[in-house]
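The values are calculated or read from the model by the stated rules, or taken from the named source; none is laboratory data. Predicted model only: the values in this text are computed from it and were never measured. We place every Cβ from the backbone using ideal geometry, glycine too, and count neighbours over all the protein chains shown.
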Amino acid sequence: MSGTLYLVPTPIGNLGDISRRMADTLEQADFIAAEDTRVTVKLLNHLGLKKPMVPYHRHNTGTGGQAILDRLQAGESCALVTDAGTPAISDPGEELVAQCAAVGIPVCAVPGPCALVTALSVSGQPTGRFTFEGFLAMNKKNRKAHLESLRGEERTMIFYEAPHKLAATLQDLAGTFGEDRPLTLCRELTKLHEEVSRTTLGQAVAWYGENAPKGEFVLVVRGAEPLPEGEASVEDGLALVDRLRGEGLSLRDAVKRAAKELGLSRNELYDAAVKL
Ligand code: SAM
């Protein structure tokens, strides 16, 4: 019988966030797969644990993943951890979970720290519907396409960003959503210098144009205001068509749905989309 893959979150800055179940799962697993064994050994030392570890990071998901699968299939249990937060969320693990699911290996997720949920809950932005966008691509074309696909997004949007790329990302977000769009910037969550700034994209651009960002950031951006019925323009329609195309709809289907949602003429919108 196969063993189980346990997904074990680790603190995003505050060791007090280690739960009893996280520690027990680490202790009871046959081995630990870690994004960086040097980081995880510190956590294990803090917990007074000594466990065999194997590396599992974004550069060895192929061979490393297969070695873990083999051991799971042989009946061993594995606890997967990353440097901080929940495995598989903008971190290694997604592929391993999919591989386990494909061959029927049980996967058990232990709930715990996750920067996006922590940021969203404290943000003061609407939480009923939200979309997690992870990191924007470095590649200009992919980055632009990603942002364009979000132009009319009405749900709260959550982005991760590294400090050295924060200023450029804020500029791109302001360029897409406008300077007045509300933003909650969550910095160093759960740490000594935790800071939650409820501001706007424009103000954040101005501030970080002059002040170097320090620490880790989650950006929680307010979604677009819903358009009042009958007031949509062809440009709004084109933006929605673009978004729907990004979700995989054909041009014809995207136009049909956008025209219906925005109360626009289907023919007029189709002609405008074809011209583009
Ligand atoms: N799997 C992790 C999780 O569950 O949140 C995310 C890993 S991702 C590689 C790292 C990003 O998460 C950082 O660049 C930052 O955007 C965000 N992050 C992690 N810890 C944070 C913290 N303490 N405060 C703010 N953002 C944090």
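Among the residues of the range 215-223, none qualifies, meaning not one is on the phi < 0 side of the Ramachandran plot, at pLDDT 95 or above and more than 19 Å from the chain's Cα centre (by Cα).
Residue 37 passes every criterion in (1) away from the ligand (no atom under 16 Å from the Cβ); (2) out of contact with any Pro (no Cβ under 7 Å at 6 or more places or on another chain) apart from (2). Scanning the range 102-144 for residues that are surrounded by 14 or more Cβ atoms within 10 Å (Cβ to Cβ), away from the ligand (no atom under 14 Å from the Cβ), modelled with pLDDT of 95 or more and in a helix (DSSP H, G or I) gives a single hit, 143. Inspect all residues belonging to the range 226-246 and state whether any of them is within 23 Å of residue 122 (Cα to Cα) and in contact with a Gly (Cβ under 8 Å, 6 or more places away or on another chain). No; the residues of the range 226-246 include none that is within 23 Å of residue 122 (Cα to Cα) and in contact with a Gly (Cβ under 8 Å, 6 or more places away or on another chain).
Is it the case that some residue within the range 68-81 is modelled with pLDDT of 95 or more and within 13 Å of the ligand (Cβ to nearest atom)?
There is at least one residue in the range 68-81 that is modelled with pLDDT of 95 or more and within 13 Å of the ligand (Cβ to nearest atom).
For residue 3, are the conditions met, namely being surrounded by fewer than 16 Cβ atoms within 10 Å (Cβ to Cβ) and touching a residue at least 40 places away in the same chain (Cβ under 8 Å)? So residue 3 fails the test.
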